[in-house]
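Every number here is computed from the coordinates shown, using simple stated rules; none is lab data. From a predicted model like this one, the values you see are computed outputs, not experimental measurements. When we count neighbours, we look across all protein chains shown, and the Cβ atoms used for this are built from the backbone with ideal geometry, even at glycine.
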Amino acid sequence: MRTALATTLKRQATEPLADILREKQSILITQHGLLGAHLVALQSYQRQQACIAIDDRPTAAALVQSVLAKRAQGVAGAGKKPRK
């Protein structure tokens, strides 16, 4: 990961973007000496979002517990597949 000034990106945007795509590394963008943004390749971002989505899925055990709790409460159709 490298750091780039916002003014440099304003003047020469194509070169850092090409570097990101070619080297698969991200760039931290600073403005007035402070971190302002994190520029990453789209594929890297999408892969990261997919990993987050997988981590947020309920576990099989949690799903089973949910179905059993609904059955215990008498909720109709709990744990059954919907008919087509």
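Quick notes on this structure:
- Amide hydrogen neighbours beyond the local backbone of SER26, cut-off 5 Å, H modeled: ARG2
- Subtracting the Cα-Cα distance of GLN43 and THR59 from 0.36 nm times their residue separation leaves 3.1 nm of extension gain.
- Taking 0.36 nm per residue of sequence separation and removing the Cα-Cα distance, the ALA18/CYS51 pair yields an extension gain of 9.4 nm.
- Positive-end residue of LEU39, CYS51, ILE29, charge dipole of region 1-72 with Cβ unit charges: CYS51
- Based on the Kirkwood approach, the hydrodynamic radius assigned to region 1-75 is 15.6 Å, with every pair of different Cα atoms included.
- Per DSSP, loop trypsin sites (Lys or Arg not before Pro) in region 1-40 with at most 11 further Cβ within 10 Å: LYS24
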